[in-house]
Amino acid sequence: MELWPGAWTVLLLLFLLLLFLLPTLWFCSPSAKYFFKMAFYNGWILFLAVLAIPVCAVRGRNVENMKILRLMLLHIKYLYGIRVEVRGAHHFPPSQPYVVVSNHQSSLDLLGMMEVLPGRCVPIAKRELLWAGSAGLACWLAGVIFIDRKRTGDAISVMSEVAQTLLTQDVRVWVFPEGTRNHNGSMLPFKRGAFHLAVQAQVPIVPIVMSSYQDFYCKKERRFTSGRCQVRVLPPVPTEGLTPDDVPALADRVRHSMLTIFREISTDGRGGVAQPTQRWEHFILSPVSPLPLWSSLLLYPTFYGTIPPTPSPWIQWTQSFVRRKTHAAAGS
Ligand SMILES: CCCCCCCCCCCCCCC(=O)SCCNC(=O)CCNC(=O)[C@H](O)C(C)(C)COP(=O)(O)OP(=O)(O)OC[C@H]1O[C@@H](n2cnc3c(N)ncnc32)[C@H](O)[C@@H]1OP(=O)(O)O
Ligand SMILES: CCCCCCCC/C=C\CCCCCCCC(=O)OC[C@@H](O)COP(=O)(O)O
């Protein structure tokens, strides 16, 4: 494709403008920072999933593949400067099937989830996630159970199959009983699928509470800084001897205990709201960090370009690139 003579220069100038604009927006606009961080979060997961797919495909669809996804996702908290503190991990029953129920604030829950995810444990996810490109395929390969929330009957029969699988294949499942993301500082009423599942299989329920992200993340305010989150594993709730009639009371009891802990740990434990912490890893490691961009723009001209007659290698290359393209366009 032929470009008009000045096109390469314009493209280069646009690129340079972008190079200046992105760090400036990053520093000056919290909303832009929020947008970049969320875009990078999703993009990075999609990229990691591309790497995970061939590795997982060796085993085929298998719950053991969840270990691979977990290992690949564990570092993300460092990129975002989020300190995840786990408490109560000793409450996980050592070797038996169970149902984990946890509150669901945002897709950032993946970070806390991966921190404590037990072996042979698969999440129950909305069917739409299956179509989330490489992430959907990676989830499928890792045995994530998909339910169609628009078809209650289908969802319930999938859950009943899961109740059988729990026992026959010795797996655990992770359910978000609120059924959707909720970031209003409380918990939505619990849907009862997870509790029916546990009662049908007669396995314990392990409640897990992730503290509020309010101090570092707020979708409404487009705010996303670094901060800390506590993941608290509560003592298992037995279901032996319970029947479907006991499910409403069981769900209410578990929700009440989780909400109490949520309120307790969503402060810093000393009565105040947890404060965001700025961490150096965040600044250095984040691939969207402006540091590499600023340094490439500022340091090169400083060390080379300002000492004539030797322009920096970067400037030399740009000059010769533009010259070649301009000559080529003029000659043709
Ligand atoms: C390299 C990296 C790659 C990427 C890696 C990523 C990996 C991690 C992926 C993590 C994914 C996380 C995704 C999270 C989500 O998608 S959350 C959304 C989906 N989850 C849920 O919805 C679970 C909670 N929902 C339920 O439990 C619901 O009850 C459900 C079963 C889905 C049905 O919902 P709904 O249609 O809204 O109906 P109701 O809840 O109102 O229920 C109707 C009545 O049926 C009774 N019921 C429910 N379940 C059962 C059952 N199993 N058996 C018998 N009866 C059941 C329920 O009690 C209602 O009756 P009553 O009103 O109580 O009389
Ligand atoms: C070719 C298609 C490309 C699609 C690109 C999709 C972009 C998505 C990219 C990455 C996916 C990251 C996986 C994160 C998993 C987090 C799961 C999650 O938090 O799902 C929300 C669900 O619990 C509730 O949904 P709703 O709150 O009801 O809504």
Notebook entry, point to check: When you go through VAL101, VAL86, VAL122 one by one, which is the residue that is surrounded by fewer than 18 Cβ atoms within 10 Å (Cβ to Cβ) and either at pLDDT 95 or above or within 11 Å of ligand 1 (Cβ to nearest atom) (or both)?
Noted result: VAL86
Check: How many residues are open to solvent by 20 Å² or more (accessible area, probe 1.4 Å), free of Cβ contacts under 8 Å to residues at least 60 places away in the same chain, within 8 Å of ligand 1 (Cβ to nearest atom) and small (Gly, Ala, Ser) when one looks only at the stretch 133-156?
Finding: 0
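Yes or no, residue by residue, for (1) small (Gly, Ala, Ser); (2) within 16 Å of ligand 1 (Cβ to nearest atom); (3) crowded, with 19+ Cβ neighbours inside 10 Å:
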{"residue": "GLY185", "(1), (2), (3)": "yes, no, no"}
{"residue": "LEU188", "(1), (2), (3)": "no, yes, no"}
{"residue": "LEU197", "(1), (2), (3)": "no, yes, yes"}
{"residue": "PRO207", "(1), (2), (3)": "no, yes, yes"}
{"residue": "GLU221", "(1), (2), (3)": "no, no, no"}
{"residue": "PHE224", "(1), (2), (3)": "no, no, yes"}
{"residue": "GLY227", "(1), (2), (3)": "yes, no, yes"}
{"residue": "GLN230", "(1), (2), (3)": "no, no, yes"}
Item checked: Which listed residue, of MET72, MET66, MET113, is within 10 Å of ligand 1 (Cβ to nearest atom), buried (at least 17 other Cβ atoms within 10 Å of the Cβ), of a type outside the set (Phe, Trp, Tyr) and under 11 Å from the mean Cα position of the chain (by Cα) -> MET113
Check: Just checking, how many residues over the stretch 127-150 are assigned to a loop (DSSP other than H, G, I, E, B) and within 11 Å of ligand 2 (Cβ to nearest atom)?
Finding: 3
Next item on the list: For CYS56, state whether it is assigned to a helix (DSSP H, G or I), in contact with a strand residue (DSSP E or B) (Cβ under 7 Å, 6 or more places away or on another chain) and open to solvent by less than 40 Å² (accessible area, probe 1.4 Å).
Entry: no
Notebook entry, point to check: Inside the stretch 218-257, can you point out the residues that are within 14 Å of ASP109 (Cβ to Cβ) and either of a type in the set (A, V, I, L, M, F, W, C) or at pLDDT below 95 (or both)?
Noted result: LYS219, CYS229, VAL231
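The values are calculated or read from the model by the stated rules, or taken from the named source; none is laboratory data. Just so it is clear, the model here is predicted, and its values are computed rather than measured. As a convention, Cβ positions derive from the backbone with ideal geometry for all residues, glycine included, and neighbour counts pool all protein chains shown. What goes into the accessible areas is simple: the full protein's heavy atoms, side chains included, and nothing from ligands, DNA or RNA. Shrake-Rupley method; radii C 1.70, N 1.55, O 1.52, S 1.80 Å.
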